[in-house]
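Asker: Below you will find the structure I want to go over with you.
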């Protein structure tokens, strides 16, 4: 589990089809082989460690659902260590299980902030609400505007300087993870809709009404 608060920007040093190596410093403090790190919001297991570098293996499913397969030597990524039990939750609960990718549609300035509009896959739209949470490349953000198949987030100067989001341009692909609480609420709603009187009677939870 993560919080969506990027600790460090790492650099890709090796990019293979099924393995990646990153240069990092802060997130390697207290990290060992077998531990989890979030890379652009993707929970990955540390497979190797050496001086200021760590390596991971990437499954085909991860490559299909995320932007990790687009990484090249020298690219920057957002890094975060797993949340320690009892630690402060500065963002929101982020699993590191990316749902899908979105495309940056527009980047514009608004006084001291930067507004980034991103396309939203139809399957994620039910989990998005105005002022709700979403993780974009592992960064916990608040949705400030919703369109039919897109949403916008507002970035403060600190976020632009300390994550990769300040480097994003139209056409870039970003990883998206919807709020886990929104997923549970949607799932519960669907289940309750299915609990009709006919359903309960069919499966014997309630009896029929006998006519005289």
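The values are calculated or read from the model by the stated rules, or taken from the named source; none is laboratory data. Computed from a predicted structure; not experimentally measured. Because the Cβ atoms are built from the backbone with ideal geometry, glycine has one as well, and the counts that use them run over all protein chains shown.
Asker: Only one residue in 102, 91, 4, 41 is within 24 Å of residue 158 (Cα to Cα), surrounded by 19 or more Cβ atoms within 10 Å (Cβ to Cβ) and touching a helix residue (DSSP H, G or I) at 6+ places or on another chain (Cβ under 9 Å), so which one is that?
Answerer: Answer to the selection: 102.
For (1) more than 20 Å from the chain's Cα centre (by Cα); (2) in a strand (DSSP E or B); (3) under 29 Å from residue 146 (Cα atoms), each residue gets a yes or a no:
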residue	(1), (2), (3)
54	yes, yes, no
62	no, no, yes
73	yes, no, no
97	no, no, yes
104	no, yes, yes
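Asker: Go through (1) without any contact (Cβ under 8 Å) to a residue 60 or more places away in the chain; (2) in the same structural domain as residue 39 (by TED's automatic domain parsing) and name the single condition residue 76 misses.
Answerer: It fails just one condition, (1).
Asker: Something else: How many of the residues in region 92-119 are at pLDDT below 95 and either over 15 Å from residue 40 (Cβ atoms) or out of contact with any strand residue (DSSP E or B) (no Cβ under 8 Å at 6 or more places or on another chain) (or both)?
Answerer: 8
Asker: Further, regarding this structure: Can you find a residue in region 45-54 that is buried (at least 18 other Cβ atoms within 10 Å of the Cβ) and touching a residue at least 40 places away in the same chain (Cβ under 8 Å)?
Answerer: So far as region 45-54 goes, no, none of its residues is buried (at least 18 other Cβ atoms within 10 Å of the Cβ) and touching a residue at least 40 places away in the same chain (Cβ under 8 Å).
Asker: Just give me the residues in region 148-199 being part of a loop (DSSP other than H, G, I, E, B), farther than 24 Å from residue 123 by Cβ and either modelled with pLDDT under 85 or over 18 Å from the mean Cα position of the chain (by Cα) (or both), in sequence order.
Answerer: Correct list: 156, 169, 196.
Asker: Only residues that are surrounded by fewer than 18 Cβ atoms within 10 Å (Cβ to Cβ) and part of a loop (DSSP other than H, G, I, E, B): list them for region 76-88, please.
Answerer: Listed by number, the residues that qualify are 82, 84, 85, 86, 87, 88.
Asker: Right, something else. Out of all the residues in region 91-138, which are on the phi < 0 side of the Ramachandran plot and without any contact (Cβ under 8 Å) to a residue 12 or more places away in the chain?
Answerer: Scanning region 91-138 gives 108, 109.
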